[in-house]
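Read through the structure below, which is laid out as C-alpha cells, and then see the notes.
Quick note: the coordinates plus some simple rules give every number you see, no bench work behind them. Computed from a predicted structure; not experimentally measured. Virtual Cβ from ideal backbone geometry, glycine too; neighbours counted across all protein chains shown.
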Ligand code: BGC
C-alpha cells in the first residue's frame, strides 16, 4: 500500500489554508509597530492605545466563539472564505481610518477574523491530514502564524523610515484577498462533506486530496462518526462522553496563556529594559531574537510532532519553560551583575521551549479530540478561552510587574509551567498516529473519570 500522503493538490490546499495562520500572526504582530507611529496622525491617550491593542483580542474571543458553529453549520471551506473577507475588510478600514474610533472598529473586525480562522484553519487541516502526518500538517498553521508575526516586524521596519502606518496595515490585505480567491479552488473536508452532503462528494474530495488508499479503511469509521443520529447541539458538550475531553482541552488552552508567553511577546522590550538594555538595542533583540527563535523552534516541532509524539514535546517544553523562568527569577532576585545576558538567554530559551510544546500542541490537540458531530463547537470553547486569557495577560502583565516585581511575575509563570507539566502528565493522552475516530473512542471510554 502507498504510504499515507497528500497529493500535490492536497499539499497546496494545506499551504493556502495556512495563510489563515499567517494572517492571524500578522494582525497580532503589526500593532506594536503601528502604535509607535499613530501619534503622527492622532492624539492618543494611554487608554485608547490599550483599546487599539485589546479590541483585537476581544474580537478574536467573539470570532472564536462563533467560528465552531459556523464551521459545523456552513462548512469549513465557506467559513474560511468568509473569514478572508472579514480580514480584508478589517485591514481596509484600519488603512483608511481618518479617526481613532474608526481604527478601533477596524481592529475589532480584524479580531473577528483572527478568532474565526483560529478555529476554522486547524479544523480543516486536521480533517484533511493523513493520521500519521496530522501533527506536522496542523502545526504548519502555527508555523505560518509565527512567520506572520515575524513578517509583520519586517513590514514595520520597512515602513518605519516614512512612518507610514497605513501602508503597514494595507500589506495585510494582499494575503487575505489571495486566501479568499484561492480557497474557491479547494473542496470542503471529506468528513464535513460526509456528514452534511453526499458520500460521493466526500469520496471525490478524499481522492483529490489524498494519494494513499488508507483513507478507504477509515471511511467506515468516518461514516459512523458522521452519522446524522449523533447529537450536534451545544448540550452534547456537557454529556459524559465529551465532558472529559472538553475539560482537558479547555485547561490546556488556558495553561498555554497563563504560563505567560504573551507577556513576553508583547512586552519584551520593557522586560529587557528592566534588565539594563537601552531602548534601541532592546527593540532589535525583542523583535529579531524572539521572532526568529519562535520560527526556528516551531519548525522543529513540525518535524518532531509525528515522530516523538505530542506528550514528550509538551512535557519537555513545560519543564524547559519552568527552568528558564526560574533562572531569570534568580537573576532578578539577586540582582546579578550578568543579569542582561541571563535575561536574554533565559527569555530566548523560554520562547524556544514554548514553541516546541505548549505553543503548537494545544491547537493540534483541540482539533483532534472531539467527536465530529460537535468538533467545531467544542473547539470554539477551548479557543475562546485561549483568546480571553490572552486578553487577561495583555491587560494585567504590566500592572502585575509594578505590584509584585519582575521576579514575582516570572516566578508565578514558572509555578504555572510546573503545574502544566503535571497536568499534562496525568491527563493528556498521546494522539500521535491515531485516526480522529480512534481518539474519539478513547475519550468517550473515559467518561467515568469526569
Ligand atoms: C499562542 C499565541 C502566541 C503565539 C506565539 C500561540 O500558540 O496561542 O497566543 O502569541 O503562540 O508564538
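Could you give the nm distance between label points at residue 335 and residue 174, where each point is 7 Å from its Cα heading toward the beta carbon?
Roughly 5.0 nm, to one decimal.
Between residue 7 and residue 207, how many nm apart are label points set 7 Å from Cα along the C-beta direction?
Between residue 7 and residue 207, the simple spin-label model gives 0.9 nm.
Just to confirm the number: angle between the C-alpha axis of helix 215-225 and the first principal axis of the chain, 0 to 90 degrees, nearest 10?
Computed tilt is about 90 degrees.
With a cut-off of 8 Å between alpha carbons and a minimum separation of six or more residues, what is the relative contact order of the chain in percent?
Across the chain, relative contact order equals 25 percent.
If you line up the long axis of helix 436-445 against the longest principal axis of the chain, both from Cα atoms, how many degrees apart are they, to the nearest 10?
Here the helix axis deviates by roughly 90 degrees.
Give me the percent relative contact order of region 1-146, please, defined on Cα pairs under 8 angstrom at least 6 residues apart.
Relative contact order for region 1-146 comes out at 39 percent.
What's the long-distance tail for region 7-160, i.e. % of Cα pairs beyond 20 Å?
Counting every Cα pair in region 7-160, those more than 20 Å apart make up 49 percent.
Once every DSSP H run of n ≥ 4 in the chain is given -39500 (n - 2.57) and the sum is divided by its residues, what mean residue ellipticity at 222 nm do you get, rounded to the nearest 500 deg cm²/dmol?
-26000 deg cm²/dmol
If we count other beta carbons within 10 Å of each Cβ, what is the order of 253, 47, 444, fewest first?
47, 444, 253
By how many degrees, 0 to 90 and rounded to 10, does the Cα axis of helix 261-274 deviate from the longest principal axis of the chain?
Orientation of helix 261-274: about 10 degrees from the principal axis.
Suppose the chain between residue 278 and residue 292 were pulled fully straight at 0.36 nm per residue; how much longer would it get relative to their current alpha carbon spacing?
Contour length minus the Cα-Cα distance gives 3.0 nm.
So how far apart, in nm, are the two label points at residue 43 and residue 444 if each is 7 Å from Cα heading toward Cβ?
6.4 nm
Quick one: Debye curve from the alpha-carbon atoms of region 356-450 only, equal weights, vacuum; give me log10 I(q)/I(0) at q = 0.13, 0.19 Å⁻¹ to two decimals.
For region 356-450 at q = 0.13, 0.19 Å⁻¹, log10 I(q)/I(0) is -0.61, -1.05.
Can you give me the P(r) profile for the chain? Cα pairs, bins 10 angstrom wide beginning at 0, each as a whole percent.
Calculated P(r), rounded to whole percents: 5, 22, 32, 25, 12, 4, 0.
Which whole-number percent is the relative contact order of region 275-360 (Cα, under 8 Å, 6+ apart)?
Here the relative contact order equals 46 percent.
Can you list, largest first and rounded to whole Å, the semi-axes you get for region 332-411 by taking the square root of 5 times each eigenvalue of its Cα gyration tensor?
Listed largest to smallest, the semi-axes of region 332-411 are 34, 17, 7 Å.
Given a Förster radius of 41 Å and the C-beta distance between residue 198 and residue 430 as r, what FRET efficiency does 1/(1 + (r/R0)^6) yield to the nearest 0.05?
0.75
Consider all pairwise Cα distances in region 45-108 and report the whole-number % of them above 17 Å.
47 percent
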